[in-house]
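The values are calculated or read from the model by the stated rules, or taken from the named source; none is laboratory data. Nothing here was measured: the structure is a model prediction, and the numbers come from that model. Note: ideal-geometry Cβ built from the backbone for every residue, glycine included; neighbour counts use all protein chains shown. Ligands, DNA and RNA are excluded from the accessible area calculation, which covers all protein heavy atoms including side chains. Shrake-Rupley method; radii C 1.70, N 1.55, O 1.52, S 1.80 Å.
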Amino acid sequence: MTDLILTINAGSSSIKFALFDAGGADELLRGQVDGLGTHPRLTASEGHRRIVDHRYGADDGPADHGAALAAILSMLREHRPDATVVAVGHRIVHGGPDFEASERLDDTILARLQTLCALAPLHQPHNLSGVEAARAAFPQAIQVACFDTSFHRKHPWVNDTFAIPQRFYDEGVRRYGFHGLSYEYIVVRTRELGLVEADNRLVVAHLGNGASMCAIQHGVSVASTMGFTALDGLPMGTRCGQIDPGVLLYLMTEKGMTLEELTTLLYTESGLKGLSGISNDMRDLETSDAPAAARAIDYFVFRARRELGAMAAVLRGLDAVVLTGGIGENAASIRHRILHDEEWLGISIDDARNDGNAQEISADASRGKVYVIPTNEEAMIARQTAAILQGLPTAAPA
């Protein structure tokens, strides 16, 4: 039998998974179950070879995360009959102020994480449902929580606090930052590739349906565009990004909106979807002739340029920029619009390299380097889970 690590990233309507060797270094298989509750589909690949692509019928598909994990387990038994899952690593979006590194899960920690569901309502409940399903499916395996917030726990106080009475900060009302697993992977990967030195001033832009930027120095996060929840900062697929809190007071007092209505508005009806009235998918907007689609893209680009300048100001300069995430990795035209005329920051891009999706898209004369690097949260989860298995430290690299 072969000992393996399974990684799970449970979302609202999907579970992404990957299978790694017990050392967390080699990815053997990856896939997902999406369309939970509507039209479930199970896909899996070994490298570039698709080994499973199963669309369920209306009545025979997994209806919840537990059933989805059972389907994944059945598939793994068929394609990896000699595998023994010795540990399951979970992406947990919110770790609150207490968790600075990944943790082996037990009932006490799970209870603490349940209290944070209100801070990440789109993600945390489903993350924890995935944990419960995995505990039932793999009762002998170690369950490990890998937090999206841990990478940002070394922020200076001035970046983490809000200008409200200190007692709220002491109670945990502070800026946490998210996408930490992605950022930590990019730090590790750029060093592995020899692209970024340990003391470089680096801005990473994770641009996708969820979007944020992070300022990193000496491998440590010193600022992030996201805050107390995953709503702040850049506009996203369906989330608003930065908004004047007075708007929310107005909507409550003058429009009579309830807490539930505001939550729905800010998390699922705003961002690119709300601005365009068409779609939360940048690909749809780029191919649309609708003026509202163009305005939504304009706003996304404007805010990205603004936040890039803010992150550079925190770092007092730039040595490198990395773009990642679905938009950052694939949308050359959006990269161009964000990064053109940024010579004042010391960066300029080569249009041919950018259009060709090269790893380095900066121009030869650019002082700062610009890279496009695919993120791999599953790989980071596997590394952290392997470290727990081996009794090694799991804090972010410095």
Suppose we filter region 280-304 for residues that are over 18 Å from G325 (Cα atoms) and either touching a residue at least 24 places away in the same chain (Cβ under 8 Å) or not hydrophobic (A, V, I, L, M, F, W, C) (or both); how many remain? 8
For the structure I just gave you, tell me whether L207 is surrounded by 24 or more Cβ atoms within 10 Å (Cβ to Cβ), farther than 19 Å from K154 by Cα and either at pLDDT 95 or above or not β-branched (V, I, T) (or both). yes
Determine, yes or no, whether S348 is open to solvent by less than 60 Å² (accessible area, probe 1.4 Å), among the small types (G, A, S), in contact with a strand residue (DSSP E or B) (Cβ under 9 Å, 6 or more places away or on another chain) and farther than 30 Å from Q143 by Cβ. yes
Scan region 17-27 for residues that are part of a strand (DSSP E or B) and either modelled with pLDDT under 90 or not charged (D, E, K, R) (or both) and jot them down. F17, A18, L19, F20
Of (1) on the phi > 0 side of the Ramachandran plot; (2) surrounded by fewer than 18 Cβ atoms within 10 Å (Cβ to Cβ); (3) of a type outside the set (V, I, T), H179 satisfies all except one. Which? (2)
Taking interchain pairs and intrachain pairs at least six residues apart, which have beta carbon atoms under 6 angstrom, with the first residue in region 7-29 and on the phi > 0 side of the Ramachandran plot and the second of a type in the set (V, I, T) and modelled with pLDDT of 95 or more? G24/I5
Selection count, region 381-395, where residues are in contact with a strand residue (DSSP E or B) (Cβ under 7 Å, 6 or more places away or on another chain) and either crowded, with 20+ Cβ neighbours inside 10 Å or free of Cβ contacts under 8 Å to residues at least 40 places away in the same chain (or both): 6
Of all residues being in contact with a helix residue (DSSP H, G or I) (Cβ under 8 Å, 6 or more places away or on another chain) and open to solvent by 20 Å² or more (accessible area, probe 1.4 Å) in region 15-35, which is nearest to A87 (Cα to Cα)? Just the residue, please. A22
Those helices (runs of 4 or more DSSP H) lying entirely in region 258-341 with at least 3 residues aliphatic (A, V, I, L, M): 259-268, 291-315, 332-339
Is it fair to say V196 is under 30 Å from E360 (Cα atoms), within 19 Å of the chain's Cα centre (by Cα) and surrounded by 14 or more Cβ atoms within 10 Å (Cβ to Cβ)? no
Quick one: what pairs do we get from region 329-355, first residue in contact (Cβ under 8 Å) with a residue 40 or more places away in the chain and of a type in the set (S, T, Y), second in a helix (DSSP H, G or I) and open to solvent by 20 Å² or more (accessible area, probe 1.4 Å), C-beta under 9 Å, 6+ apart or different chains? S333/E286; S333/D355
When G89 is run through (1) small (G, A, S); (2) farther than 24 Å from F147 by Cβ; (3) touching a Ser or Thr at 6+ places or on another chain (Cβ under 9 Å), the failure sits at (2)
Positions within region 144-157 being touching a residue at least 12 places away in the same chain (Cβ under 8 Å) and either closer than 10 Å to G95 by Cα or surrounded by fewer than 24 Cβ atoms within 10 Å (Cβ to Cβ) (or both), in sequence order: A145, C146, F147, D148, T149, S150, R153, K154, H155, P156
Determine if region 58-74 includes at least one residue that is open to solvent by 30 Å² or more (accessible area, probe 1.4 Å), within 22 Å of G23 (Cβ to Cβ), touching a residue at least 24 places away in the same chain (Cβ under 8 Å) and not hydroxyl-bearing (S, T, Y). no
Applying the selection to region 229-250, what residues are of a type in the set (G, A, S) and under 24 Å from I278 (Cα atoms)? A230, G233, G237, G241
Any chance region 313-333 includes a residue that's modelled with pLDDT of 95 or more, of a type in the set (K, R) and buried (at least 18 other Cβ atoms within 10 Å of the Cβ)? no
Residue identified as over 28 Å from G31 (Cα atoms) and touching a His at 6+ places or on another chain (Cβ under 8 Å) among I349, I361, I297: I349
